[in-house]
Amino acid sequence: MALEFAAKLRRIKVYPAADGYSLGPEVALMASNETPYPPLPGVREAVAEALSGVNRYPDPTNKALREALSRRYDVPVQRIAIGNGSCDILLAAGEALLEPGAEIVYAWPSFSIYPHLAAASGARAIEVPVDDRHGHDLAAMREEITVATRMVIVCNPNNPTSTALPLSEIAAFVADVPRAVCVVLDEAYCEFNLLDDPDASIDLLERHPNLVLLRTFSKAYGLCGLRVGYALCGSQEFRTAVDAVRQPFFCNIAAQAAAIAALRSQDAIAERVERNVVERITLTDGLSGLGIEAADSQANFVWFDLPEAVEERDVVRGLAERQVLVRAGTPLGREGALRVTVGTADENQRFLAALGELL
Ligand SMILES: Cc1ncc(COP(=O)(O)O)c(C=O)c1O
């Protein structure tokens, strides 16, 4: 007899995994918004040292990492949550806040895990289309907030569309959301955003206990293989709730040690972000040379519509045949679009040359 699964399983879409895990080093991996650079100084050593203690469980309170984050951002340790990647905190937030009858509001296209929160909890997802410049339509999102709304997510810069809103617009939006609604500002790519100081949003936490800034070590800090993210919260209650719904040892010893070491490498991070932004401009200019106007990227990837004369799947396949992996737009929410992670200078040139051949 077949196993009988919970009804929610039928609502949950499979996360669109990227290819490339078993491919050789010659393949340009430009599909998952990773950093193309090796681990930051001190990370390998910190991980090696942590490995000598793997016969013990990791510190379930993540004390040293939370203290390091608290010193860096001047947010009290009680208001800092850690996760096995920031996705872990998002999923826990869904479990803690959502249930049948509740609503969650987010833009679309946006990060592909957001629909999962509603599907897993039985809450209703309200997806507000991005505007014609691929940005969040905050006025339309505000209109969707009702007494049933428990959670609103604003992804800034937005994945997959790459655009960001100025912090002043986000601040006005947060001020207008009722206090009982949790606002998650997903800032996974904030380090690459040139519109505002990446840490300026932290000041909003003092005024808004319902605000959560979701951050990750996966992108600018280059630790996605170890899985560690964090949330800076406007109040302690969010952290207590997300900790309550998870298993105790969600962040492993190596990840905690690596994140602490990476936080000490701010100069190296600034230098890498700068390199990435320069390469982002090279990519955008190269695309415009091919007659393609990319969205105004403030992230470590670019997003654009392909010319109508070509099929998205043919281009993605053609690029893969030329050893360049990118993301097709359709599974991310927009047919005919592509999302391309900024790679090394060499990878970006290979991508542009390959795309040029295919158009
Ligand atoms: C917008 C956004 N938020 C969160 C994440 C999750 O990152 P992680 O779970 O690796 O911290 C990602 C990863 O791609 C993302 O694009």
Point to revise | Dimensions in Å of segment 258-308 - Rg and Dmax from alpha carbons | key: 14.7, 47
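Within segment 52-82, list the trypsin sites (Lys or Arg not before Pro) lying in a DSSP loop whose Cβ has at most 16 other Cβ atoms in a 10 Å radius. Before the final figure, lay out each step's value.
On the way: sites: R56, K63, R66, R71, R72, R79; in loops: R56.
Passing both the DSSP loop test and the Cβ count: R56.
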Check your understanding: Taking Cα pairs under 8 Å and at least six residues apart, what relative contact order does segment 271-359 come out at, in percent?
Key -> 30
Check your understanding: How big is the Kirkwood radius of segment 207-260, worked out from every pair of different alpha carbons and given in Å to one decimal?
Key -> 12.3
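For segment 99-210, what number results from the quotient of the Cα radius of gyration and 2.2 N^0.38 Å?
Normalised Cα radius of gyration, segment 99-210: 1.01.
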Check your understanding: log₁₀ I(q)/I(0) of segment 180-304 at q = 0.15, 0.18, 0.20 Å⁻¹, via Debye over equal Cα point scatterers, no solvent, to two decimals?
Key -> -0.84, -1.08, -1.20
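What order, most packed first, do the peptides 312-322, 226-236, 175-185 have when packing is the mean number of other Cβ atoms within 10 Å of each residue? Intermediate results must be reported in sequence, preceding the final value.
Numbers: 312-322: 16.1, 226-236: 23.5, 175-185: 17.6.
Result, highest mean first: 226-236, 175-185, 312-322.
Which whole-number percent gives the relative contact order of the chain, counting Cα pairs below 8 Å spaced six or more residues apart? Kindly include the intermediate steps, with their values, before the conclusion.
Working: 670 pairs, mean separation 86.5, N = 359.
Relative contact order comes out at 24 percent.
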Revision key, fill the gap. Whole-percent tail of the Cα-Cα distance distribution for segment 1-95, cut at 14 Å, equals 83
Review point. Just from the alpha-carbon atoms, what are the Rg and Dmax of the chain in angstroms?
Key: 20.2, 59
Exercise for review: For segment 45-73 and segment 302-357, write down the distance between their C-alpha centroids in whole Å.
Suggested key: 38
Point to revise | Helical mean residue ellipticity (222 nm; -39500 (n - 2.57) per DSSP H run of 4+; nearest 500) of the chain | key: -11000 deg cm²/dmol
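Read the figures in this text as sums done on the coordinates, not as results from a lab. This one's a predicted model, so the numbers in the text were calculated from it and none came from an experiment. We place every Cβ from the backbone using ideal geometry, glycine too, and count neighbours over all the protein chains shown.
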